[in-house]
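Asks: If you scroll down you'll find the structure; I have some questions about it.
The values are calculated or read from the model by the stated rules, or taken from the named source; none is laboratory data. In this text the structure is predicted, and so the values were computed from the model without any measurement. Positions of Cβ are generated from backbone atoms using ideal geometry, with glycine treated the same way; all protein chains shown enter the neighbour counts.
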């Protein structure tokens, strides 16, 4: 029997159905257990360290970069890595190390804001589809199927072609394209728990649909959303880099890793460092989010509880 504790803060005295987070105590237990399992996963901790380091670099870029990212020094044009310029310089004499550091800001902004848009849209539409069912479910899921039918990067290119280049339009393009995945995940979670006994008890006590979804269903369905959102940040960074590489994303002189790759493409034979370091930044950053996402998936998996 599932015991739901509504309207008071007393800890429930009774067994809780495995896998169902029907109160704040079981939710707290889930996150504590997940953190314990996450700490045992060395690759996940490596991913977390990479992500935290990237965020640190993005926040303190003005203090970490030795030069202004757009500062041109003609006599230092196309220099290889040295003590003066750790990653070398580009054709215009700009310090690549400083530009890579400032480029992390674009990646973090795209990862957080664009994925945040996807999450908000996906949770709202997924809640409508999963909780109310019938025609809202049919309409929303058919629209989602249309989004699934188009390759992600091609869809982003199409939207950017219509909206035009710019960082704000990148947020919109990636955010709009990603909602369908979150909507389907949240819908599935709602369908699996909306008829549980504690949900029926909340209805019987007169709780509104909004309260049931936000207070009882959402906390139980948030784990897969967290996992997928973390992994999707890496995808968003790759898409932004691809758009900037093609010239329809972030525009010069703003430093962006994808744009730096595009500008260095013609000089790969004579100045490979121009592509090497921005490329490594993309790979390491995406790897960090993927490792952390994989670790979170295993940490939130109830089957891993006794491992």
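Asks: Go through 246, 276, 280 for me and flag whichever is at pLDDT 85 or above, within 30 Å of residue 299 (Cβ to Cβ), surrounded by fewer than 24 Cβ atoms within 10 Å (Cβ to Cβ) and out of contact with any strand residue (DSSP E or B) (no Cβ under 9 Å at 6 or more places or on another chain).
Replies: On inspection, the qualifying residue turns out to be 280.
Asks: What is the residue count in the stretch 149-161 for residues that are in contact with a helix residue (DSSP H, G or I) (Cβ under 9 Å, 6 or more places away or on another chain) and either more than 19 Å from residue 185 (Cα to Cα) or loosely packed, with under 13 Cβ neighbours inside 10 Å (or both)?
Replies: The total comes to 8.
Asks: Another question, then. Please count how many residues of the stretch 283-307 are modelled with pLDDT under 85 and more than 15 Å from residue 48 (Cβ to Cβ).
Replies: 7
Asks: Across the stretch 89-110, which residue is surrounded by the fewest Cβ atoms within 10 Å (Cβ to Cβ) among those that are in a loop (DSSP other than H, G, I, E, B) and touching a residue at least 40 places away in the same chain (Cβ under 8 Å)?
Replies: Checked the stretch 89-110; the qualifying residue surrounded by the fewest Cβ atoms within 10 Å (Cβ to Cβ) is 91.
Asks: Which of the residues spanning the stretch 249-261 are surrounded by fewer than 18 Cβ atoms within 10 Å (Cβ to Cβ) and within 24 Å of residue 115 (Cβ to Cβ)?
Replies: The answer is 251, and nothing else.
Asks: Inside the stretch 57-88, can you point out the residues that are in a loop (DSSP other than H, G, I, E, B) and surrounded by 18 or more Cβ atoms within 10 Å (Cβ to Cβ)?
Replies: 65, 67, 69, 79, 85, 87, 88
Asks: Can you name every residue in the stretch 201-214 that is in a helix (DSSP H, G or I) and without any contact (Cβ under 8 Å) to a residue 12 or more places away in the chain?
Replies: 203, 204, 210, 211, 214
Asks: Condition first: touching a residue at least 40 places away in the same chain (Cβ under 8 Å), over 22 Å from residue 141 (Cα atoms) and in a helix (DSSP H, G or I). Can you find one or more residues in the stretch 179-200 that meet it?
Replies: The answer is yes, given that some residue of the stretch 179-200 is touching a residue at least 40 places away in the same chain (Cβ under 8 Å), over 22 Å from residue 141 (Cα atoms) and in a helix (DSSP H, G or I).
Asks: If you don't mind, there's one more thing I want to ask. Which is surrounded by 14 or more Cβ atoms within 10 Å (Cβ to Cβ) and at pLDDT below 90, of 189, 118?
Replies: 189
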